[in-house]
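Heads up: the structure comes next, in structure tokens.
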Amino acid sequence: MKPHAFDAALALDPVAPGRYAGRTSEAYWNMVGPFGGCTAATVLKAVLSHPDLLGTPLSITVNYAGALAQGPFEVQLLPVRTNRSTQHWTAAIVQDDAQGQPVVATTATVITAVRRETWSLSDLPMPVVPRPPEAQAMRYDKAMAWLDHYELRPVSGLIPQAWDGRQHDHSVSQLWMRDQPPRPLDFCSLLALSDIFYPRVWLRRATRVPAGTVSITTYFHAGEKELQATGSGYLLGQARGQEFRNGFFDQSAQLWNEAGTLLCTSHQIVYFKE
């Protein structure tokens, strides 16, 4: 059976201890490089493939030092410390430049952990919104390749239909989302989905300025049990900007499954140009 495009994009071959060879995927291409969520998921896939892995993902921070070019790259991992319940990793994606010299395109830190059943409570309930069948799926015309591999059903905060510079009074978007075609949710696909939102500055200003994520941190609240319960169902995502100033802004996001379980939260800092 042909693998899902997302699994094919994350394919890695071990070449040495802590080193994995991969190749960029045209299926998840963005404007000047791969979709950032796919790049982050590639790092996480390498960590989850490491023979010394302890536990499951707790958090990951990915810093985009530069765009990956089309072609091969290498993920380099180091488990810097393993404690009783947590394990700390550093990672980098390295790619040769035009002169054949290795250049770091992405750096990351990852924390995995052994989860134990304890008192648990959600202080961030899922918003009350129309169910997925009631929200119309977005259709793309000459959009970036990676959008073809997601089903997105906006509820509010649609991308502006007119780039008229009219300042909106908020930057909140809500939408149902899942892989296209559907695939069972795992940590890597959940991570990619946490970066699916378009830049909040576009909604706040209705001006399509150049923008790109500099750094994103995603916190995993779900374990294997919650992922299995979600299956290939929809996730509700909500994103909002917080401060826009001097060429950078930050935006936060939350993802729930259809049962209302908060699966992950994320925060990123984004560059934008006038």
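Every read-out reported here was derived from the displayed coordinates using simple, explicitly stated rules and does not represent laboratory data. Predicted model, so just to flag it, every value in this text is computed and none were measured. Here the Cβ is made from the backbone with ideal geometry for all residues, glycine too, and neighbour counts use every protein chain on show.
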Among the aspartates and glutamates, select those whose C-alpha is under 19 Å from the C-alpha of Lys273, and discard any that sit fewer than 8 residues away in the same chain.
Asp164, Glu243, Asp250
Listed residues Trp119, Trp163, Trp176; largest mean-square fluctuation, Gaussian network over the chain with Cα springs below 10 Å, found at Trp119
Whole-Hz couplings from phi, Karplus 6.51/-1.76/1.60, listed for segment 246-251; x for Gly and Pro
6, x, 9, 8, 10, 9
Cα atoms only: what Rg and Dmax, in Å, come out for the chain?
18.4, 55
Whole-Hz ³J(HN,Hα) from phi, Karplus 6.51 cos²θ - 1.76 cosθ + 1.60, for segment 70-80, glycine and proline x
4, x, x, 8, 10, 9, 10, 10, 9, x, 6
A student asked for the Cα radius of gyration and Dmax of segment 57-199 in angstrom ought to give 19.5, 55
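Please report the orientation-averaged projected area of segment 22-98, defined via the convex hull of its C-alpha atoms, in nm². Please list the in-between numbers first.
On the way: hull surface 22.0 nm².
Convex hull of Cα atoms, orientation-averaged projection: 5.5 nm².
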With R₀ set to 30 angstrom, the calculated FRET efficiency between the beta-carbons of Arg84 and Leu121, to the nearest 0.05, is 0.80
Comparing Thr207, Thr61, Thr118 in a Gaussian network model of the chain (Cα, 10 Å), the one with the largest mean-square fluctuation is Thr118
